[in-house]
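Bear in mind these aren't lab numbers, they're just calculated from the coordinates by the rules spelled out. Computed from a predicted structure; not experimentally measured. Glycine gets a Cβ as well: all are built from the backbone with ideal geometry, and neighbour counts include every protein chain shown.
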Amino acid sequence: MSERLWLVVPAAGRGRRMGGALPKQYLALEGQPVLAHTLARLHQAFPAARLCLCLDADDAHFDPAWVPFGQWRRSEGGSERADSVRRALEAIADDADADDWVLVHDVARPCVRVDDLVRFYAALKRNPVGGLLATPVADTMKRDDGRRHVASTEPRDGLWQAQTPQGFRYGLLRRALGEARVRGGDITDEASAVEALGLAPLLVPGRRDNIKITHPEDLALAGHILAAQRDEPPSSPGHLHEETP
Ligand code: C5P
């Protein structure tokens, strides 16, 4: 089995839900752009991995000094996240083998913990399909009636919130995203494309502080999370791995 690891980091979004002119991956978090935090965490966990960073063709903010990896390349983003990831997989086709592992991690998740990244990859390698970090849903779930009134309360048993990284073997992921494109429809993560092939990705319990910066208030929250993580004693369990849904 191949031990080569690729990291694909989609960073070609415009972050419209954040509202500002600067895409969210370039907003300052503790004095550094979000993108630099995310890449630093990935590098701490996987210093020997090869990185493919998806950037918008018109990106005027990116600085290669923020990339700590020795082996890396950039690929052009697509109109949707799945298009960006698909293009990244095409961009590495000359080097990647079908059995290589590819971890896809959103640039907008700078708080992912290094030990979770390492644990996630170890769990993947024991699984034939691949999988994703996820957390059991904690809140009561409501479905609306389209007019902001509750139509029903959905049972949350067995429901998980998908995070990234999501990891699959190169050949499988490329086929899954290729077939998803032909089928059409909204693909917001890699796992759903793999599920559509009839396969069952592994849910690896993650932590709730692996937030995705999406709305303006998330940036301050990410700052608090980074500070709290720094203050934790090194061996602190401080997580919810074994929590039941
Ligand atoms: O917009 P959203 O938060 O769902 O984006 C998730 C991730 O996908 C972000 O890291 C964003 O930069 C990336 N993305 C991308 N290409 C797009 C849209 C989003 O690389 N066309």
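Between Asp59, Asp145, Asp94, which gets the highest mean-square fluctuation from a Gaussian network model of the chain, Cα cutoff 10 Å?
Greatest mean-square fluctuation among the candidates belongs to Asp145.
Using Cα springs under 10 Å in a Gaussian network model of the chain, which residue among Gly158, Gly19, Gly167 shows the largest mean-square fluctuation?
Gly158
For the range 107-222, what is the Kirkwood estimate of the hydrodynamic radius, computed as the reciprocal of the mean inverse distance between distinct Cα atoms, to one decimal in Å?
Every distinct Cα pair counted, the radius reaches 16.0 Å.
By DSSP, what percent of the beta bridges with both residues in the range 130-220 are antiparallel, rounded to the nearest 5?
About 70 percent, rounded to the nearest 5.
How large is the helix-only mean residue ellipticity at 222 nm for the chain, computed as the sum of -39500 (n - 2.57) over DSSP H runs with n ≥ 4, divided by its residue count, in deg cm²/dmol to the nearest 500?
Rounded to the nearest 500, it is -9000 deg cm²/dmol.
Of the chain, which part is the longest with no GluC sites (Glu not before Pro) in a loop (DSSP not H, G, I, E, B) and with at most 15 other C-beta atoms within 10 angstrom?
Excluding the exposed sites themselves, the longest stretch runs over 31-241.
Of all trypsin sites (Lys or Arg not before Pro) in the range 70-153, which ones are in loop regions per DSSP and have a Cβ with at most 16 other Cβ atoms within 10 Å?
Those satisfying the criteria are Arg126, Arg147, Arg148.
GNM, the chain, Cα, under 10 Å: largest mean-square fluctuation among His105, His149, His37?
Comparing His105, His149, His37 in a Gaussian network model of the chain, the most mobile one is His149.
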